[in-house]
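Enquirer: Structure provided below as structure tokens; questions to follow.
The values are calculated or read from the model by the stated rules, or taken from the named source; none is laboratory data. Source: prediction; values computed, not measured. A quick note on method: Cβ atoms are made from the backbone with ideal geometry, for glycine too, and the neighbour counts reach across all protein chains shown.
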Amino acid sequence: MKNIVILISGGGSNMQALVECVAQKHWAEQGIARVAAVVSNRADAGGLAYAASKGIETAVLSHRLFDGRVQFDAALMALIDGFKPDLVLLAGFMRILTPAFTQHYAGKILNIHPSILPSFTGLHTHEAALAAGVKVHGATVHGVTAQLDFGPIVVQSCVAVLPQDTAETLAKRVLATEHFIYPQALTWWVDGRMIWRDGGIEILNPAGELPASQTYFAPT
């Protein structure tokens, strides 16, 4: 049984999509994979209640209890490791991670970011996309490295930027694609088709299949 640990800081809608994916595919019942825990740095994160309602163990470790990122990340690693994780998924975890943390989980940690990386790293990506006048926006699932919003790309989504878009309307459409591509990335990993190799990530395909698309174009 592969153990998955999901980190959140808020409502955790991507976490919910991942949990629903695991349930719909009956991985836990088959002894394949399960969400072992949902961990947050905020006790008021709405996603904790959802996880608990699904019988998933939850834990809170407030970053405010520590003098700095190094101390917090060390404690967070110890907490996560208690669940014996095979994969760590960041799902709206609003903390900049230290190199020691990313190295500790090298090859088994993914994040989802609301832009088509490498464009628009950091916060306020939808506002930045509108200000730049881009015609296409989206989201990226990527392997996590010490560099913020960097790392090998697993899958990306694309949505058209409409003339009447605001940051809020654009964010809503991008989020809908996130709920599709993050479970897709998780499925590739559970199926053994996601391979970290030479600093990159490759998606293998079953014999006889066409190459898997690593870009999802949302309908307009």
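Enquirer: Among what's in region 5-43 and is in contact with a strand residue (DSSP E or B) (Cβ under 9 Å, 6 or more places away or on another chain) and among the charged types (D, E, K, R), pick the residue that is farthest from Gly68 (Cα to Cα).
Expert: The residue in question is Lys25.
Enquirer: Mind counting the residues in region 73-97 that are of a type in the set (Val, Ile, Thr) and on the phi > 0 side of the Ramachandran plot? Even if it seems obvious, please write down each step before you answer.
Expert: Applying the first criterion (of a type in the set (Val, Ile, Thr)) to region 73-97 yields 80, 88, 96.
Then drop every residue that is not on the phi > 0 side of the Ramachandran plot, which leaves none.
Residues meeting the conditions: 0.
Enquirer: Can you tell me which residue is surrounded by the fewest Cβ atoms within 10 Å (Cβ to Cβ) among those in region 110-128 that are on the phi < 0 side of the Ramachandran plot and in contact with a helix residue (DSSP H, G or I) (Cβ under 7 Å, 6 or more places away or on another chain)? Give the steps one after another, and end with the answer.
Expert: Within region 110-128, the subset on the phi < 0 side of the Ramachandran plot is 110-119, 121, 123, 125-128.
Now narrow it down to the ones that are in contact with a helix residue (DSSP H, G or I) (Cβ under 7 Å, 6 or more places away or on another chain): 110, 112, 114-115, 126-127.
Values: Leu110: 23, Ile112: 24, Pro114: 25, Ser115: 21, His126: 23, Glu127: 14.
Across region 110-128, the extreme among qualifying residues is Glu127.
Enquirer: Checking the condition closer than 18 Å to Leu148 by Cα and touching a Ser or Thr at 6+ places or on another chain (Cβ under 6 Å), which residue from Ile8, Ile112, Ile96 passes? Show your work before the answer.
Expert: Numbers: Ile112 fails: touching a Ser or Thr at 6+ places or on another chain (Cβ under 6 Å); Ile96 fails: touching a Ser or Thr at 6+ places or on another chain (Cβ under 6 Å).
None of the others qualify; the one that does is Ile8.
Enquirer: Taking Leu175 as meeting all but one of (1) surrounded by fewer than 21 Cβ atoms within 10 Å (Cβ to Cβ); (2) closer than 17 Å to Leu87 by Cβ, write down the number of the exception.
Expert: It fails just one condition, (2).
Enquirer: Another question, if that's okay. In this structure, does Gly92 turn out to be of a type in the set (Gly, Ala, Ser) and more than 30 Å from Val161 (Cβ to Cβ)? Explain how you work it out, then say what you get.
Expert: Details: of a type in the set (Gly, Ala, Ser): yes; more than 30 Å from Val161 (Cβ to Cβ): no.
So Gly92 fails the test.
Enquirer: Look at Ala131 and say whether it is part of a helix (DSSP H, G or I), at negative phi, of a type in the set (Gly, Ala, Ser) and exposed (fewer than 15 other Cβ atoms within 10 Å of the Cβ).
Expert: Details: part of a helix (DSSP H, G or I): yes; at negative phi: yes; of a type in the set (Gly, Ala, Ser): yes; exposed (fewer than 15 other Cβ atoms within 10 Å of the Cβ): yes.
Taking the combined requirement at face value, the residue satisfies it.
Enquirer: Right, something else. Taking the condition of a type in the set (Gly, Ala, Ser), at positive phi, assigned by TED's automatic domain parsing to the domain that holds Leu97 and in contact (Cβ under 8 Å) with a residue 12 or more places away in the chain, does Gly31 pass?
Expert: Details: of a type in the set (Gly, Ala, Ser): yes; at positive phi: yes; assigned by TED's automatic domain parsing to the domain that holds Leu97: yes; in contact (Cβ under 8 Å) with a residue 12 or more places away in the chain: yes.
Taking the combined requirement at face value, the residue satisfies it.
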